[in-house]
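To keep things clear, I will list the structure first and then write my remarks on it.
The values are calculated or read from the model by the stated rules, or taken from the named source; none is laboratory data. Remember, predicted model here, so these are calculated numbers, not experimental data. All Cβ positions, glycine included, derive from the backbone under ideal geometry; neighbour counts span all protein chains shown.
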Amino acid sequence: MDHEQHLGLLKKVAVGDRAAFQKLYEATSAQLYAVSLKIMQNRDLAEDALQEAFIRIWHNAQEYTPAKGKVLTWMISIVRYRCFDALRFNKVRQGNGLEQEEVLTSDDFVELTEIEKKQLDFCMDELESKQKQAIHLAFFGGLTHQEVSAHINSPLGSSKSLIRRGMQSLRRCLGL
Amino acid sequence: MNYLQQETKHALAAEFVLGTLHGSARARFRQLMVEHSELADTVNQWESYFNDMALHLNPIVPDDSVWEKIQARLDNAKIKSADDNVVSLPQKTNNFWKGLSVLATAAVVILAVLLVKPIQQPVEDSIQFTVVTDEQNTPLWLIEIFTQKIEAQATKNVLAKANNDYELWMVPKDGSAPISLGLLAQTGKTSLPKNAIFEQIDIAALAVSLEPVGGSPNGSPTEVLYIAELAIL
């Protein structure tokens, strides 16, 4: 299903059309669940976050504007921020142990060569590998600067500057 | 710091989207997004770029129970809304995700109020509420919305300002200018008349600003300190 079809459904959701909401769920939930699972790394918590995100999408469909990017992009933002909120509230990393088989790995990424080459892919590829790693850890792991620095075994200051320099390079490359 | 300077704007927006902008800095940035739409636009731009990365994940079909739970929650909300004949609320303005911390904070504030005051028979139940908190989630005011009035109960955490007033605003969802709801007392309870516009527009959040004594001199918030989303009871 493409952006125009998502948009058609979202417009109906904005006026309370439950059937359209179900179609939108069926069309997008697998992609959004993959995002949620990647961040939460626990099936129950990922399902809870997905559920909360869809409730929010139902109630806030009218807030979507084309300025927010494609419909799916907007929905991914909602899922990611819900996951980050849930991580903070539940303090997942301090508490719940994760089942080994539930943890996703980098193998869950489709090879970029199989996907239409997008500008961001190109620009990400231009980054130094440590910068790329730090940005991925923050984006998909919801990691703080401190956690990123622990993960890549660098002092806090250098992890911060890695991310900031990476962002500056991305920005220049993306022409922002 | 000039938040609108190109370099700063992009650095903060990108880190907001990435999730590395945390705590009080994140809360402050959210406030700035309300005040400056170009910051929100920059965030949208970064979201568009970064979220494309998420499309590289292989889709994973969630368990059927997720959709069943979503349906059940929407059905319950519908029943609750039909039962509520005090005021007819537009269903689409309902904001379910309020966050456990806000609800917990509300419970604490309500308990605190009940413990220090003799229980009175409520004349009317509030229909919406929020707790205004600072960056550390410390409760400052409990705001309750009734059909005709708005009541704000200040907690002891409100910083007393002899040379300033705190002013309450509603922030329209459509991005238009905040509308004043009146001044908030720094201690005790304030009762404010409910602006008729309150029911006529979709409200993104309430905001509290710091103003000279007597309130905003120009009809716009001088310095937005706190933002709080409303929850429907």
(request) Look at the stretch A:62-74 and say how many of its residues are without any contact (Cβ under 8 Å) to a residue 60 or more places away in the chain, assigned to a helix (DSSP H, G or I) and either more than 8 Å from chain B (Cβ to nearest Cβ) or in contact with a Gly (Cβ under 6 Å, 6 or more places away or on another chain) (or both). (result) 1
(message) Under 6 Å between Cβ atoms, which residue pairs at least 6 apart in sequence (or on different chains) link something in the stretch B:133-152 that is outside any strand (DSSP E or B) with a partner that is hydroxyl-bearing (Ser, Thr, Tyr) and surrounded by fewer than 21 Cβ atoms within 10 Å (Cβ to Cβ)?
(response) B:Glu135/B:Ser24; B:Asn137/B:Ser101; B:Phe146/B:Ser126
(request) Among the numbered conditions (1) in contact (Cβ under 8 Å) with a residue 40 or more places away in the chain; (2) assigned to a strand (DSSP E or B), tell me where B:Leu181 comes up short. (result) (1)
(message) Restricting to the stretch B:187-214, name every residue that is closer than 22 Å to B:Phe146 by Cβ, over 16 Å from the mean Cα position of the chain (by Cα) and part of a loop (DSSP other than H, G, I, E, B).
(response) B:Thr187, B:Gly188, B:Lys194, B:Asn195, B:Ala196
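For every residue, the table says whether it meets (1) buried (at least 18 other Cβ atoms within 10 Å of the Cβ); (2) part of a loop (DSSP other than H, G, I, E, B); (3) at the interface with chain B (Cβ under 7 Å from one of its Cβ atoms); (4) out of contact with any strand residue (DSSP E or B) (no Cβ under 8 Å at 6 or more places or on another chain).
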position	(1), (2), (3), (4)
A:Lys11	no, no, no, yes
A:Gly16	no, yes, yes, yes
A:Ala19	no, no, no, yes
A:Lys38	yes, no, yes, no
A:Asn60	yes, no, no, yes
(message) I'd like to know if the stretch B:67-79 contains one or more residues that are touching an Asp or Glu at 6+ places or on another chain (Cβ under 9 Å) and either over 30 Å from B:Glu7 (Cβ atoms) or modelled with pLDDT under 80 (or both).
(response) yes
